[in-house]
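*Asks:* Below are the structure tokens for one structure; questions will follow.
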Amino acid sequence: ALLTLPRELRDQIYSNLLLPEHVFTSTAKPDTYDLHRSTKKSPATYIDTRIYLPARPPPNVLLTCRQLREELLQFTAHVLNATNTIPVPSLKPVEESESNRLAARANTNLEEATEQAHDARVVRFTLEIERATRGAFGFYKAVRDTLSPRFLGLLPVLGPVKKIKFTVWVGFEWWSLPRQSRGRTVGKPNALFVAVEEVLKYLPLVEEIQVDVLMHVADYWNWDMADEHKDGVQAWLDHSVCNNQAGRIKRVYRRL
């Protein structure tokens, strides 16, 4: 019966079916700082730590039929690419949110609160670059060289997005390495450049990128850092955030 209605009416129904903003995590823990403290088998770590969607389609509707699935995904893409039209929903309290039991949004984590405070109502990817993780035998840098199954599962929703934001938590080494070591042509590639490139491989329609580089106070406290914190990352600032040979990226914004 729904398919017999005009497309304009169906779009109005889709707007009422869309679910509110949500943050998905790539692991079972929202806080990855001490992800590996347990002596048990450590969970996998991925390039993407969290993915924020201002709106999302209901999974049960996506499973009805192909035409409804395609139309709902098209409408969701339209909403995500025109974020000024998205109504701001009120989040449920922590104890009432089903997603919290899935470690999707704790609403109490300091990092997530910081990220949410600077949200621009666009799709956001939280990355951790060269950041120390507390393990059972001290601190070490977790390997993050692949995208999470969660990211791959969200590709039908993420694929048509044209504007995205990266919130990047970087470790002390990323800030403090000598300037000549930060370029992509000298030594190993810039870890942030590589991570952004890997994400963009799956998002061919992205035209605008915002990158917010943050440092946690625990990574900064009592470290002997230069007065000009950007000295160690000048090469990253001087070069593009990704390989844009095709010219599809039209606008890039960076904040340290």
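*Asks:* Check off (1) in contact with a helix residue (DSSP H, G or I) (Cβ under 7 Å, 6 or more places away or on another chain); (2) modelled with pLDDT of 65 or more; (3) surrounded by fewer than 20 Cβ atoms within 10 Å (Cβ to Cβ) for Leu192 and give me the number that stays unchecked.
*Replies:* (3)
*Asks:* Which one is modelled with the highest pLDDT among residues in segment 121-145 that are loosely packed, with under 14 Cβ neighbours inside 10 Å and more than 15 Å from Ser26 (Cβ to Cβ)?
*Replies:* Out of the qualifying residues, it is Tyr140.
A quick yes/no check of all residues on (1) under 20 Å from Leu3 (Cα atoms); (2) of a type in the set (Asp, Glu); (3) modelled with pLDDT under 50:
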site: Arg56; (1), (2), (3): no, no, no
site: Asn81; (1), (2), (3): no, no, no
site: Leu91; (1), (2), (3): no, no, yes
site: Glu98; (1), (2), (3): no, yes, yes
site: Arg101; (1), (2), (3): no, no, yes
site: Thr108; (1), (2), (3): no, no, yes
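The values are calculated or read from the model by the stated rules, or taken from the named source; none is laboratory data. Please read all numbers here as calculations on a predicted model, not as lab measurements. We place every Cβ from the backbone using ideal geometry, glycine too, and count neighbours over all the protein chains shown.
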